[in-house]
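The values are calculated or read from the model by the stated rules, or taken from the named source; none is laboratory data. Keep in mind the model is a prediction, meaning the values are calculated, not measured. Neighbour counts run over all protein chains shown; Cβ positions are idealised from the backbone, glycine included.
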Number of protein chains: 2
Amino acid sequence: MSNLRAYITTSADGYVAGPNQSIENPLGEGGDGIHDWAFKLRAFRRIHGDSGGDEGPSNDFTEEQLDGIGAQIMGRNMFGGGPGPWDRDEPWNGWWGENPPFHMPVYVLTHHDREPLTLSDTTFIFVTGGIRSALDQAREAAAGKDVVVGGGAEAINQYLAAGLVDELGLNVVPLVLGSGARLFEGVGPDIELEQQKVVVGDGVTHLRYAVRSGSSA
Amino acid sequence: MSNLRAYITTSADGYVAGPNQSIENPLGEGGDGIHDWAFKLRAFRRIHGDSGGDEGPSNDFTEEQLDGIGAQIMGRNMFGGGPGPWDRDEPWNGWWGENPPFHMPVYVLTHHDREPLTLSDTTFIFVTGGIRSALDQAREAAAGKDVVVGGGAEAINQYLAAGLVDELGLNVVPLVLGSGARLFEGVGPDIELEQQKVVVGDGVTHLRYAVRSGSSA
């Protein structure tokens, strides 16, 4: 069966975004620089339709993470647009413009129904049935490939707590955010990790763990 | 001036001990294995008066951490014996027996007066004047060498929050504890880290950061 991989960038103190996230400040106070390590990579530029960019260990690690993925899952906050129903005068179509960097089906966890949204070769499917429904749909769409949940913290924490994650990839950056959206919040001790790979980048450390939940460990 | 280094082992979710620490279970529930990576090292065996042990990247990193240290600081919980005054029928003399692995002055943060305790070449000095008093005394004893605060989380968090730490060394092990004593708890965002060195061990990743506080950064 296709694996569920969870990939996210955290501060040294375990936050994926600072406090008081908003449309104007989607990564919260102090969180602005958390993804700087990624922006300069060739892999990042490639999925955004740009050429050039840095090669090296971080790029190799990121290309490995992009390989073999058939569908993605994200939380409502990562898709953005604030809470509440979707039917508004100017519908929120994500942060990424007309050519989002996913290029595959993306299942968005939400409490509010919305028709699928296709932008270039990315289709966002809005799932109101919870994390297992989203995973089932994503796995079917992935057709044997793996599924990635790429954020935010709450979405990944829900999948970790439910014992549904097979691989966890953390990019740890040398920031201390102090508060905000914390990875592992509400994730109990019945999770077993195995350190599989560590890659040292420039101002970032990449850690890959295999994950087993208590019931299957 | 001599630097203050903070060295500690944390779980992947940032805890240095699990919940419900006690004399019987000093590392809390689930925390038992958190230091297993260290026990097998030649450096660890050496400071405990034993020979043998593993060499390799983790041992080299640990020897670097032991080098150039003239005094240590620890919190009351790390010294152990439970809370409250020290005058009791059987005084608590630490976890380490007659030959503690420090071999230098160790300043113990406590709310209760106690005469210094010498065991072999380690002297424990009990400091009731707070973290700055302990650091001043440790620096004087260190005579130009560095000072290490080695735990627990609360002691390190206090020094971090006060902007007094110059170097932070984390040994991250692939455990998820879920709750307990969390490193960085109460440490605000006015701390700047610079990733200086990352070493990959067997079931542990060692990260060394330079630390600047907001006022000096």
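Key figures for this structure:
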{"quantity": "Qualifying positions in the stretch A:22-45 - buried (at least 20 other Cβ atoms within 10 Å of the Cβ) and over 24 Å from A:Asn59 (Cβ atoms)", "calculated": "A:Gly28, A:Gly30"}
{"quantity": "Selection within the stretch B:120-142 - surrounded by 18 or more Cβ atoms within 10 Å (Cβ to Cβ) and more than 13 Å from B:Gly70 (Cα to Cα)", "calculated": "B:Phe124, B:Ile125, B:Phe126, B:Val127, B:Ile131, B:Ala134"}
{"quantity": "Search result, residues across the stretch A:190-216 that are on the phi > 0 side of the Ramachandran plot and either surrounded by 22 or more Cβ atoms within 10 Å (Cβ to Cβ) or more than 7 Å from chain B (Cβ to nearest Cβ) (or both)", "calculated": "none"}
{"quantity": "Considering residues of the stretch B:62-88 that are under 27 Å from B:Val198 (Cα atoms) and in contact with a Lys or Arg (Cβ under 8 Å, 6 or more places away or on another chain) only, the residue surrounded by the most Cβ atoms within 10 Å (Cβ to Cβ)", "calculated": "B:Ala71"}
{"quantity": "Residue within the stretch A:66-81 that is part of a loop (DSSP other than H, G, I, E, B) and within 20 Å of A:Glu154 (Cα to Cα) present", "calculated": "yes"}
{"quantity": "Top-ranked residue of the stretch A:142-152 - restricted to ones that are outside any loop (DSSP other than H, G, I, E, B) and not small (Gly, Ala, Ser), ranked as nearest to the other protein chains (Cβ to nearest Cβ)", "calculated": "A:Val149"}
{"quantity": "Single residue of B:Val148, B:Val176 found to be buried (at least 19 other Cβ atoms within 10 Å of the Cβ) and in contact with a Lys or Arg (Cβ under 6 Å, 6 or more places away or on another chain)", "calculated": "B:Val148"}
{"quantity": "Selected residue (only one of B:Tyr159, B:Tyr107 is within 14 Å of chain A (Cβ to nearest Cβ) and of a type in the set (Phe, Trp, Tyr))", "calculated": "B:Tyr159"}
{"quantity": "Filter result (within 18 Å of B:Ser120 (Cβ to Cβ) and surrounded by fewer than 14 Cβ atoms within 10 Å (Cβ to Cβ)) within the stretch B:48-61", "calculated": "B:Gly49, B:Asp50, B:Ser51"}
{"quantity": "Unique match (being assigned to a loop (DSSP other than H, G, I, E, B) and either more than 14 Å from chain A (Cβ to nearest Cβ) or over 29 Å from B:Asp166 (Cα atoms) (or both)) among B:Arg88, B:Arg45, B:Arg5", "calculated": "B:Arg88"}
{"quantity": "Any pair with Cβ under 8 angstrom, 6 or more apart, that starts in the stretch A:156-168 at a residue that is in contact (Cβ under 8 Å) with a residue 12 or more places away in the chain and ends at one that is part of a helix (DSSP H, G or I) and of a type in the set (A, V, I, L, M, F, W, C)", "calculated": "A:Gln158/A:Ile131; A:Tyr159/A:Ile131; A:Tyr159/A:Leu135; A:Ala162/A:Ile131; A:Leu164/A:Ile131; A:Leu164/A:Leu135; A:Val165/A:Ile156; A:Leu168/A:Leu160"}
{"quantity": "Residue match in the stretch A:168-189 (condition: facing another protein chain (nearest Cβ under 9 Å), touching a helix residue (DSSP H, G or I) at 6+ places or on another chain (Cβ under 9 Å), closer than 27 Å to A:Gln21 by Cα and modelled with pLDDT under 95)", "calculated": "yes"}
{"quantity": "Residue, modelled with the lowest pLDDT, within the stretch A:11-21, restricted to residues that are farther than 30 Å from A:Gly144 by Cβ and buried (at least 17 other Cβ atoms within 10 Å of the Cβ)", "calculated": "A:Gln21"}
